[in-house]
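All of the numbers you see were taken from the coordinates with simple rules; none came from a lab. Keep in mind it's a predicted model, so treat the numbers as computed, not measured. Reconstructed Cβ throughout: ideal geometry from the backbone, glycine too, with neighbour counts over all protein chains shown.
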Amino acid sequence: MTFPFSRLLLATEHTEFDTGSERVAFDLARRYRMPLHGVLPMVSNAEYESIAPEAVLRAEERVFTLITQLRDEASSVGIEFDLRARRGAEPYREIIAEAQERNADLIVIRRRGRQSILANLLVGEMVGKVATHAPCSALLVPRSGCVWTNRILAGVDGSRATAGVAETAARLAAVAGIPLELVSVAVHDTADGRAGAAAAVAEAVAAARACGAMVEGRAVAGRVAETIAELSLASDADLIVVGRGGPSAHGRRFRLGGNAHRIIGLAACPVLVLKT
């Protein structure tokens with residue numbers, strides 16, 4: 001079994017909030033012997049550059065220092081790291097453009113730059129835009145995040161994305177040698193709701209077992225994001241996997257801007273948002 005991603009892109013500003021994503025990206029590149037690309041976005045525009053050239057120069061010097069530090073850190077652990085800065089008015093657009101140019105299949109990025117007391121801001125604005133509009137999957141990592149070694153929990157919902165989410169989560173679990181738990185949450189605690197959740201789990205478990213994973217399934221009722229986050233803590237899962245969304249009503253439950261935002265913000269571990 002091979003790791004399901006091969007073209008990693010680390011998006012970082014090398015701040016205290018990026019330590020977890022940098023740690024995870026470096027560890028993945030080292031463990032699975034992959035080259036690592038990186039992008040450091042700089043906020044800039046023509047008007048600002050014309051009226052404050054000295055400030056722009058200082059910013060460029062700072063970015064050069066940050067890039068040198070990151071390259072040195074990667075080199076010290078034997079990682080091939082191709083990192084470059086991109087300038088633009090909106091950092092998320094530069095990250096997405098870099099992912100497109102690199103043909104990345106996974107962006108590794110921090111969860112947020114600063115904490116918010118509002119649930120819908122539990123994911124940083126820039127990060128949320130990256131995860132929503134990226135041409136590939138995104139791994140959102142809190143400052144304390146590490147590569148998973150205990151258990152993976154994946155949320156499935158009966159949409160067309162279910163099999164893909166289950167298969168990717170199974171490959172991640174199999175290559176890491178850890179168990180996988182597949183969970184479907186019935187929003188309404190009714191016979192039909194529970195039956196739908198059970199059917200989604202059964203489909204996902206079959207797909208995961210075909211990939212050789214140690215897997216178990218669970219259908220529960222409750223609030224989706226809160227239930228997923230609580231179950232991940234209870235089961236000592238250190239990675240959560242969800243899909244980015246689908247065309248059906250069930251698929252929209254995990255679309256960024258809704259429950260996926262809340263899952264990412266409430267989780268104590270990294271969350272992988274799959275482009276499905």
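Excluding Ala208 itself, what net charge comes from residues whose Cβ is under 11 Å from its Cβ, given Lys and Arg +1 and Asp and Glu -1?
Computed value for this residue: -2.
With θ set to phi - 60° and the Karplus curve 6.51 cos²θ - 1.76 cosθ + 1.60, what are the ³J(HN,Hα) couplings of region 141-153 in order, to the nearest whole Hz, using x for Gly and Pro?
Ordered by residue, 3J(HN,Hα) equals 10, x, 4, 8, x, 9, 5, 5, 9, 10, 6, 10, 10 Hz.
Evaluate the distance, in nm, between pseudo-label points positioned 7 Å from the Cα of Val43 and of Ala199 along their respective Cα→Cβ axes.
Label at Val43, label at Ala199, 4.8 nm between them.
Quick one: net charge of Arg33's neighbours, Cβ under 15 Å, K/R +1, D/E -1?
+1
How much net charge surrounds Leu153 when only other residues with a Cβ under 12 Å from its Cβ are counted (Lys, Arg +1; Asp, Glu -1)?
-3
For the pair Cys146 and Met1, what calculated FRET efficiency results from E = 1/(1 + (r/R0)^6), where r is the Cβ-Cβ distance and R0 = 25 Å, to the nearest 0.05?
After rounding, the FRET efficiency stands at 0.75.
Report the FRET efficiency, 1/(1 + (r/R0)^6), for Arg218 and Tyr32, where r is their Cβ-Cβ distance and R0 is 25 Å, rounded to 0.05.
Step by step, r from the Cβ atoms, then E = 0.30.
Sort Ser21, Ser144 by Cβ crowding within 10 Å, fewest neighbours at the top.
Starting with the residue having the fewest Cβ neighbours, the order is Ser144, Ser21.
Over the chain, how many percent of alpha carbon pairs lie in each 5 Å bin up to the one with the longest distance?
Final binned percentages: 1, 6, 13, 17, 18, 16, 12, 7, 4, 3, 2, 1, 0, 0.
Of the peptides 179-185, 77-83, 10-16, how do they stack up when ordered by the mean number of other Cβ atoms within 10 Å, highest first?
Descending mean neighbour count gives 179-185, 10-16, 77-83.
Distance in nm between label sites at Phe64 and Ala191, each 7 Å beyond Cα in the beta-carbon direction?
Using points 7 Å along Cα→Cβ, the separation is 7.3 nm.
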